[in-house]
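Here the structure comes first, spelled out in C-alpha cells, and everything after it is commentary.
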Amino acid sequence: MYTSMRMKIHREGRNILFFLILGLAVVNGSIYVFFHNHFVSISLLTISVIFYLLVLNFFRSPRRHFVGDTRNVIVAPADGTIVAVEEVMENEYLHEKRIQVSIFMTIFNVHANWFPVNGTVTHVSHQNGRFMAAYLPKSSTENERSTVVIKAENGQDILMRQIAGAMARRIVTYAEPGDECHIDEHMGFIKFGSRVDVFLPLDAEILVKLDDKTVGNMTQIARLRG
C-alpha cells in the first residue's frame, strides 16, 4: 500500500535549473537583439523551452509515502524497469551468493533513490569506474558506483548499489554509516540515466520479474523471511 503526494523539484536540480534558464534567456535575448530574424528567434525559443522542460522533468521529485506494514518489506529504490533478477556472487562486500534485482532508469524516469528497507546503515563506499551503458550486466561491477549496506530490522544485510550510466556523471549518496533509515526517505540521486541494484538474501521472496515497471518507494520487489 502507498500514497502519492504532490510533485516538487529535487534539491539536486535547483541550481542547475536556475543557471540553465539564465543561460537560455541570455542566448535567446542576444539572438533576438542582434539578428532581427523572427523565424530564428522563435525557433530557438521553442527549442529552448522544450529542452528546459525535459531537464525540469528529469529533476522532478514526487513526494511519496508508503502506507501499511513495512516489516520485512523491500520496496523499489527507484523508478524504472527490472533488467535483472538472478542469483549472483557478490564479491565486493558481502562475499556470498545473493539474489540481484536490478532497476534501469532512463533519462525520463524520476532519478531520486529511496531506501529499500527499514534498518540501520552499516557501510557506505564509492568505487570509481567506467561509464558504459547501465543496462549492461557488467556495469554492476565495472561502472562508477556507490554501495550502501543496511542492517534490516530482521538482522539481515541488504546491499544497494547506485551505478552510473553512459550519460550519468555524478552519483549523490546521502546515507552515512550509523544512520537509521526508512523506506520513505531519499538515499541519494543519480544524474542523467543510471541503474540501481539490490542484493537480497537467497531465501527472500521475489515479487517482480524481468521487464516489470517499478515506482520508487511504492512497488514491493521482495519480502524478507521472518
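The values are calculated or read from the model by the stated rules, or taken from the named source; none is laboratory data. From a predicted model like this one, the values you see are computed outputs, not experimental measurements. All Cβ positions, even for glycine, are placed from backbone atoms using ideal geometry, and neighbour counts span all protein chains on display.
Listed by first and then second residue, the pairs with beta-carbon distance under 6 Å, at least 6 apart or on different chains, first residue in region 58-79 and under 27 Å from Leu20 (Cα atoms) and of a type outside the set (Val, Ile, Thr), second part of a loop (DSSP other than H, G, I, E, B) and at pLDDT 90 or above, are Ala78/Gly216; Asp79/Val215; Asp79/Gly216.
Selection of region 61-76 for residues being surrounded by 15 or more Cβ atoms within 10 Å (Cβ to Cβ) and either closer than 14 Å to Gly216 by Cα or touching a Cys at 6+ places or on another chain (Cβ under 6 Å) (or both) yields Ser61, Pro62, Arg64, Phe66, Val73, Ile74, Val75, Ala76.
Close contacts from region 116-132, counting a first residue that is at pLDDT 90 or above and a second that is surrounded by 14 or more Cβ atoms within 10 Å (Cβ to Cβ) and of a type in the set (S, T, N, Q), with Cβ to Cβ under 6 Å and a gap of 6+ residues or different chains, come to Asn118/Thr70; Ser125/Thr147. The set of residues from region 196-219 being surrounded by fewer than 20 Cβ atoms within 10 Å (Cβ to Cβ) and either among the charged types (D, E, K, R) or over 18 Å from Phe108 (Cβ atoms) (or both) comprises Pro201, Leu202, Asp203, Glu205, Ile206, Leu207, Val208, Lys209, Leu210, Asp211, Asp212, Lys213.
Close contacts from region 82-106, counting a first residue that is in contact (Cβ under 8 Å) with a residue 24 or more places away in the chain and part of a loop (DSSP other than H, G, I, E, B) and a second that is surrounded by 16 or more Cβ atoms within 10 Å (Cβ to Cβ) and of a type outside the set (Phe, Trp, Tyr), with Cβ to Cβ under 7 Å and a gap of 6+ residues or different chains, come to Glu92/Thr147; Tyr93/Thr147; Tyr93/Val149; Tyr93/Leu159; Leu94/Asp157; Leu94/Leu159; Thr106/Gly193. Residues in region 46-60 that are loosely packed, with under 12 Cβ neighbours inside 10 Å and among the aliphatic types (A, V, I, L, M) were compared, and the one that is nearest to Thr214 (Cα to Cα) is Leu54.
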